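A short reminder: the numbers here are calculations on the coordinates, not readings from a lab. What you see is a predicted model; the values in this text were computed from it and never measured. With ideal geometry, Cβ positions are generated from the backbone for all residues, glycine too; neighbour counts draw on all protein chains shown.
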Amino acid sequence: MTARILNGKAAAEAYRTKVAEGVAAFVREHGRAPGLEVVMVGDDPASDVYTRNKKKAAEAAGIRGVLHRLPAETSEAELLLRVAALNADPAVDGILVQLPLPRHIDPDRVIDAIDCDKDVDGFTPKNAGLLASGRPNLVACTPKGCMHLLELAGTDLLGARALVIGRSNIVGKPMAQLLLARHATVTIAHSRSRDLADLCREADVLVAAVGRARMVKGDWVKPGAVVIDVGMNRDADGKLCGDVDTAAAAERAAAITPVPGGVGPMTIACLLDITLLAARHRAGAVR
Ligand code: NDP
């Protein structure tokens, strides 16, 4: 079997066109564009690329995108003040504080400070709790993008065995919740899990969100499985790659996402969609 390659770039373009239409309708109705504020502290090169891409994508969809670049020595109190100002600004619908933050800033305190109605990352305890309670509000964009790709693959999730490798609040946990909400039988694996290869071999749906280059080997993949590779890593040659050995896994999987061009572009498309949703919620016009 050779897997269908799930083209996240093309799917994201189609998604972004739909979001742009929604944004245009919002502007017609409310006389203002949805506003997304991206806050970055320090000069991490990867964060620099991500935040600029987010602002650019927002503007391309008609969303007012603002990037706040704060110096690495910004104190936690100063960052909290910036978040409070954005919370209070009625023109702001979405606030995203790019992680990781410099070591002297506690990310939990910052995330806790974000107004949950503007929390377009879906990281605040309230939004995470609502998702876990089966009442999703603003949902983390990477897992949301993964669900879209599973849909694109025509994956039948009802009763399927799904394995999520990774238990971060950003990807693994919300991903597991979304799969559970679609009636998959979900297992979450992490660094202490035993017999990971065997767990993988039982999975109809395999989501890898680890951060280790090509850790999931081809023969770990169940024949006919759908594989979603969230990982963004550099291999020993500096080449961008995922958590899955894509070429080998594609020999067994029914469908697989490439890296790059899979989950990454969908994450940004979903961020825009969630920003529009937050704007609609705040304007009292839920779709
Ligand atoms: P974290 O580092 O927060 O979490 C990694 C998870 O992987 C942890 O739960 C960890 O377990 C688990 N893990 C580590 N080593 C192993 C192992 N040997 N076997 C099994 N599990 C293991 O990362 P994130 O969740 O933030 O991100 C994961 C990957 O996804 C990264 O490569 C990141 O760059 C990428 N990413 C991509 C995005 C995109 O848009 N494409 C967006 C967000 C992330 P434990 O909890 O026990 O430590």
Q) Using the alpha-carbon atoms, what tilt in degrees (0 to 90, nearest 10) does helix 8-30 show relative to the longest principal axis of the chain? A) 30
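With charges set only on the Cβ (+1 for Lys and Arg, -1 for Asp and Glu), what does the dipole of the chain come to about its Cα centre, in debye to the nearest 20?
For this selection, approximately 460 debye.
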Q: In whole Hz, with x marking every Gly and Pro, tabulate ³J(HN,Hα) for segment 86-98 from phi via Karplus 6.51 cos²θ - 1.76 cosθ + 1.60, θ = phi - 60°.
A: 5, 4, 7, 7, x, 7, 9, 9, x, 10, 10, 9, 5
Q) Relative to the present Cα-Cα distance, how much length would full extension add between residue 248 and residue 126 at 0.36 nm per residue of separation? A) 39.9 nm
Q.
For the ranges 130-137, 59-66, what's the packing order if you count other beta-carbon atoms within 10 Å of each residue, average per peptide, and put the highest first?
A. 59-66, 130-137
Q.
Going by amide H atoms built from the backbone, whose H comes under 5 Å of the H on residue 97, apart from near neighbours?
A. 39
(Q) Please compute the contact order of the chain in relative form: average sequence separation of alpha-carbon pairs under 8 Å and at least six residues apart, divided by the residue count, as a percent. (A) 23
**Q.** Most mobile of 261, 224, 159 in a GNM of the chain (Cα contacts under 10 Å)
**A.** 159
Q) How would you classify segment 141-264 from its alpha-carbon gyration tensor, with a ≥ b ≥ c the square roots of the eigenvalues: rounded for a/c under 1.5, else prolate if a/b is greater than b/c, otherwise oblate? A) rounded
Q) Which whole-Hz couplings ³J(HN,Hα) result when phi for each residue of segment 143-150 is put into the Karplus expression 6.51 cos²θ - 1.76 cosθ + 1.60, θ = phi - 60°, listed in order with x for Gly and Pro? A) x, 4, x, 5, 4, 5, 5, 5
Q) How far is helix 172-181 tilted off the main Cα axis of the chain, in degrees rounded to 10, range 0 to 90? A) 80
Q.
For residue 89, project a label point 7 Å along Cα to C-beta. Then give me every residue of segment 1-41 with its amide nitrogen under 17 Å of that point.
A. 32-41
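Suppose we look only past 22 Å in the calculated P(r) of the chain. What percent of the Cα-Cα pairs does that tail hold?
58
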Q: Rounded, prolate or oblate: pick one for segment 152-199, where a ≥ b ≥ c are the square roots of the eigenvalues of its C-alpha gyration tensor, a/c under 1.5 means rounded, and failing that, prolate if a/b is larger than b/c, else oblate.
A: oblate
Q. In debye, nearest 20: dipole of segment 141-264 around its Cα centre with unit charges on the Cβ of K, R (+) and D, E (-)?
A. 380
**Q.** Point-charge dipole on Cβ atoms (K/R +1, D/E -1) for segment 31-115, about Cα centre, debye to 20
**A.** 420
**Q.** residue 137 long-range amide H proximity, modeled H, under 5 Å
**A.** 131
Q: Take the alpha carbon gyration tensor of segment 31-115, find the square roots of its eigenvalues, order them as a ≥ b ≥ c, and report rounded if a/c is under 1.5; if not, report prolate when a/b exceeds b/c, else oblate.
A: oblate
**Q.** Cysteines (scope the chain) whose Cβ has no counterpart Cys Cβ under 4.7 Å
**A.** 116, 146, 200, 241
**Q.** Distance (nanometres) between label positions extended 7 Å along Cα→Cβ at residue 30 and residue 18
**A.** 2.0
**Q.** Cut-off under 5 Å, modelled amide H: who pairs with residue 122 long-range
**A.** none
Q: On a C-alpha basis, how far is the centre of segment 117-161 from the centre of segment 219-234 in Å? Whole number, if you could?
A: 19
